[in-house]
Amino acid sequence: CCPVYLGGSSSPSGIGTNTSKRTCDQLRCTACDFRVSLFNDYIWDQSCDYLFFRNNMPELSKLQAKMIKKKGARAYACQCSWRSIAEVTDLQTDQQLRWVCGKH
């Protein structure tokens, strides 16, 4: 993917390009070396913190405690970072995230 896009559940997934804004579904974090999980039609609760993800990734049953249903959104998370996204967004606009395309 070049550039790498994040997006809501209604955004098409696949290999993203400048002409085809598809959200990457093969994300990997270069900080914690974890695969980024994504959950359609959910956002993260505002009380989420680093330790919550560090202790509970990637177990969905534990993560659901802080997931809020929201149609059209997508919740992304690795062990050290998390985001709730509704619109297609270029990953480069968020300098804090260390996520890259893990290759398709």
Rg(Cα) / (2.2 N^0.38 Å) computed for the chain, rounded to two decimals: 1.00
Hz values of 3J(HN,Hα) by residue in segment 23-36 - Karplus curve (6.51, -1.76, 1.60), Gly and Pro given as x: 7, 6, 10, 10, 5, 9, 8, 7, 7, 9, 6, 10, 6, 7
For the chain, share of DSSP beta bridges that run antiparallel, in % to the nearest 5: 85 percent
Lysines whose Cα lies under 18 Å from that of Lys21, excluding same-chain neighbours fewer than 8 positions away: Lys103
Karplus-derived HN-Hα couplings along segment 71-81 (A = 6.51, B = -1.76, C = 1.60, θ = phi - 60°), whole Hz, x at Gly and Pro: 4, x, 9, 9, 9, 10, 6, 10, 7, 10, 9
Average Cα contact separation per residue, the chain, under 8 Å, 6 or more apart, as relative contact order %: 37 percent
Solvent exposure of the chain as accessible area per residue, Å², 1.4 Å probe: 57 Å²
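For the full complex of protein chains and a 1.4 angstrom probe, list Arg74, Arg83 by accessible area with the highest value first.
Numbers: Arg74 5, Arg83 60 Å².
Correct descending sequence by accessible area is Arg83, Arg74.
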Sum of -39500 (n - 2.57) over DSSP H runs of 4+, divided by residues of the chain (222 nm, nearest 500): -2000 deg cm²/dmol
Whole-percent carbon and sulfur share, accessible surface of the chain, 1.4 Å: 48 percent
Vicinal HN-Hα couplings computed from phi for segment 55-65 (Karplus, 6.51 cos²θ - 1.76 cosθ + 1.60; Hz; Gly/Pro x): 8, 10, 6, x, 7, 3, 4, 7, 5, 4, 4
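The values are calculated or read from the model by the stated rules, or taken from the named source; none is laboratory data. Being a predicted model, the structure only gives us computed values, none of them experimental. The accessibility values were calculated without ligands, DNA or RNA, using every heavy atom of the protein model including side chains. Shrake-Rupley method; radii C 1.70, N 1.55, O 1.52, S 1.80 Å.
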